[in-house]
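Q: The structure's right below; bear with me while I get my questions together.
The values are calculated or read from the model by the stated rules, or taken from the named source; none is laboratory data. A quick note: this is a predicted structure, and the numbers were derived from the prediction, not measured. Glycine gets a Cβ as well: all are built from the backbone with ideal geometry, and neighbour counts include every protein chain shown.
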Amino acid sequence: MYIYRADEIKAADEAAENGLTGYTLMESAGRELYQAAAKLINRDQRVLILSGTGNNGGDGIVLARYLKQHGYLCDLVFPIGDPRSEAASEHFRYYKSIGYSVNEIQGKYDVIVDALLGVGARLPLDKKVQELLQWANKEDSLRLAVDVPSGVLSDQGESDESAFKADRTFCIHGYKPSVFMESTAEYYGIPEVLDIGLPHKAKWKVWTKEDVKRTFPKRKPGSHKGSFGNGLIIAGTDEMPGAAILCSLAAKRSGIGKLTVAASRFVSGIIASRLPECVFLHDGLKKIVEGRMPEKMTAAAIGPGLPSDETVELAAAQLLKTNLPLIIDAGALTKRQYPKREAPVILTPHPGEFQKMTGIPVADFQKNRIQTAVDFARENGVILVLKGRNTVIAFPDGEARINTAGNAGLAKGGSGDSLTGILLAFAASYKDIKAAAANAVYFHAACADYWKETRAETTLLASDLNETMPFVMKEFED
Ligand SMILES: NC(=O)C1=CN([C@@H]2O[C@H](COP(=O)(O)OP(=O)(O)OC[C@H]3O[C@@H](n4cnc5c(N)ncnc54)[C@H](O)[C@@H]3O)[C@@H](O)[C@H]2O)[C@@H](O)CC1
Ligand SMILES: [K+]
């Protein structure tokens, strides 16, 4: 489940040409498209294929050939001109040489296939293309897009207002970044990747349930509490004690060996009544600011339920001086420099917090959120968990994972506090920090999905995530 930018697709194409020609790749793409489309189409339905002048149009030509060969009713049209790319022109010659013709749009179609523009599209669309897509969007047809819906840019969440509104999009070789941008996701309908036999070299990938299964560390029978880390949480104020409770509960539920919570006596009292497994560092924030760190900690988290003030900033600075894996969330997320250190730093902003940390307006980076997150992670040497639908987990080496699990039930105060607790537990107990971060995001989201299987997502409370975790994790432990 890889994600490729347009330049990576072009590079993969060129590299493949050492052995596979553009013609062969297009043949593979068209055949895969046929196999996917044939599952959705009957032979008595009328299919229209809108083919463009480039290789996206070429994929449409091969699809048309396969559909016709297999007895489907298919019209192939070239509304913006004949094929111009080499591979598409060759396929067009072959298509005509075996007796198939080019058609005009005539009457009603049950299925409209958009093979006009793919990763080579430029915006704005001209009026003629806009009108054609507006027509296609109004027709009562099943709309299938090849690779990218026309009018949507492949790498950015930018689109023409008349972009093709697909029911399904068959993405060739891998997803394109705009599948995961809020402003363009809807145009893709249901996206599905078609493999065309090229090797995968992507730095960005969707983190799937199979990835979680593969990387979920098994607890060895001879383990002891020291095997799963000794975490420190600095969270919660007397006005916001709940954040510390949710974060601590999530960390314990996620398997951390030992947990110390640095909070006021009042907050500690509340946590102790809910979670007798914790130990407390009274007036912990003050002690940490003074550099009086509790001993033998193996990971720390700071921020849930804390204000963005000078004391919290000083505490974060002290923690950054240590070599503990560190999760920085909520009130502790500010604009700052990150020192070079060996242990990982994981930052967990939602878009509003990321804007505060960087000064980049939400609307600007949301259109390009994977690349923006990766750039930030690289420049600052941190792991960035940019939250929201399709949370991005970006690493300093340029890699990124996208989480597609979860639902809008998570869009509530308190849900981020739980994620920080899970991240702390995993950062303290996994050897592979990339898997720790991606799996934490996955489990947090999967708990919300588990809830939604039997209950309304509206009713999900952040504290319910801790109740569903035992059931969700069971499948991975066995
Ligand atoms: N490795 C891969 O993933 C493969 C990709 N293939 C296909 O190739 C596509 C990319 O092909 P291309 O690079 O030729 O690019 P496209 O086919 O996406 O578009 C380029 C063509 O469209 C024209 N064009 C761009 N913007 C336009 C606009 N606003 N209005 C009208 N015309 C416009 C260009 O002048 C050019 O002729 C992919 O999207 C995919 O469908 C396949 O053929 C096989 C291999
Ligand atoms: K297309």
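Q: Within the stretch 438-458, which residues are free of Cβ contacts under 8 Å to residues at least 24 places away in the same chain and outside any loop (DSSP other than H, G, I, E, B)?
A: Result: TYR450, GLU453, THR454.
Q: How many of the residues making up the stretch 258-267 are assigned to a helix (DSSP H, G or I) and touching a strand residue (DSSP E or B) at 6+ places or on another chain (Cβ under 7 Å)?
A: Counting residues in the stretch 258-267 that are assigned to a helix (DSSP H, G or I) and touching a strand residue (DSSP E or B) at 6+ places or on another chain (Cβ under 7 Å) gives 1.
Q: Among the listed residues ASP75, ASP82, which satisfies the condition of being more than 16 Å from ligand 1 (Cβ to nearest atom), without any contact (Cβ under 8 Å) to a residue 40 or more places away in the chain and of a type in the set (D, E, K, R)?
A: Sole residue among the options that is more than 16 Å from ligand 1 (Cβ to nearest atom), without any contact (Cβ under 8 Å) to a residue 40 or more places away in the chain and of a type in the set (D, E, K, R): ASP75.
Q: Moving on. Taking the conditions exactly as written (over 16 Å from ILE3 (Cα atoms), aromatic (Phe, Trp, Tyr) and either away from ligand 2 (no atom under 13 Å from the Cβ) or touching a residue at least 12 places away in the same chain (Cβ under 8 Å) (or both)), does PHE164 satisfy them or not?
A: yes
Q: May I pose another question? I need the full set of residues from the stretch 281-305 which are buried (at least 18 other Cβ atoms within 10 Å of the Cβ) and not aliphatic (A, V, I, L, M), in order please.
A: Those that are buried (at least 18 other Cβ atoms within 10 Å of the Cβ) and not aliphatic (A, V, I, L, M): GLY284, THR298, GLY303, PRO304, GLY305.
Q: Return the only residue of ASN42, ASN18 being exposed (fewer than 15 other Cβ atoms within 10 Å of the Cβ) and either closer than 20 Å to HIS173 by Cα or within 16 Å of ligand 2 (Cβ to nearest atom) (or both).
A: Answer to the check: ASN18.
Q: Looking at LEU153 and the list (1) surrounded by fewer than 23 Cβ atoms within 10 Å (Cβ to Cβ); (2) in contact (Cβ under 8 Å) with a residue 24 or more places away in the chain; (3) within 16 Å of ligand 2 (Cβ to nearest atom); (4) not aromatic (Phe, Trp, Tyr), which single condition is not satisfied?
A: It is condition (1) that LEU153 fails.
Q: What is the residue count in the stretch 20-58 for residues that are within 16 Å of ligand 1 (Cβ to nearest atom) and among the basic types (Lys, Arg)?
A: Residues that pass the stated criteria total 1.
Q: Right, here's the next one. Do we have any residue at all in the stretch 88-102 that's within 14 Å of ligand 2 (Cβ to nearest atom) and not assigned by TED's automatic domain parsing to the domain that holds GLN366?
A: yes
Q: Here's another thing I want to ask about it. More than 21 Å from ALA11 (Cα to Cα), more than 11 Å from ligand 1 (Cβ to nearest atom) and polar (S, T, N, Q): does that describe GLN134?
A: yes
Q: Would you mind telling me which numbered condition in (1) away from ligand 2 (no atom under 16 Å from the Cβ); (2) part of a loop (DSSP other than H, G, I, E, B); (3) closer than 26 Å to ARG5 by Cα; (4) small (Gly, Ala, Ser) GLY107 fails?
A: The single condition GLY107 does not satisfy is (3).
Q: Here's something else I'd like to know. Among the numbered criteria (1) aliphatic (A, V, I, L, M); (2) modelled with pLDDT of 95 or more; (3) surrounded by fewer than 23 Cβ atoms within 10 Å (Cβ to Cβ), which single criterion is violated by LEU461?
A: (2)
Quick grid of which residues meet (1) within 35 Å of the chain's Cα centre (by Cα); (2) among the hydrophobic types (A, V, I, L, M, F, W, C):
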{"position": "LEU48", "(1), (2)": "yes, yes"}
{"position": "SER51", "(1), (2)": "yes, no"}
{"position": "ILE80", "(1), (2)": "yes, yes"}
{"position": "SER89", "(1), (2)": "no, no"}
{"position": "ASN103", "(1), (2)": "no, no"}
{"position": "VAL111", "(1), (2)": "yes, yes"}
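Q: Can I ask one more? Regarding the stretch 417-437, can at least one residue be identified that is under 28 Å from GLY174 (Cα atoms) and outside any helix (DSSP H, G or I)?
A: Yes, because at least one residue in the stretch 417-437 is under 28 Å from GLY174 (Cα atoms) and outside any helix (DSSP H, G or I).
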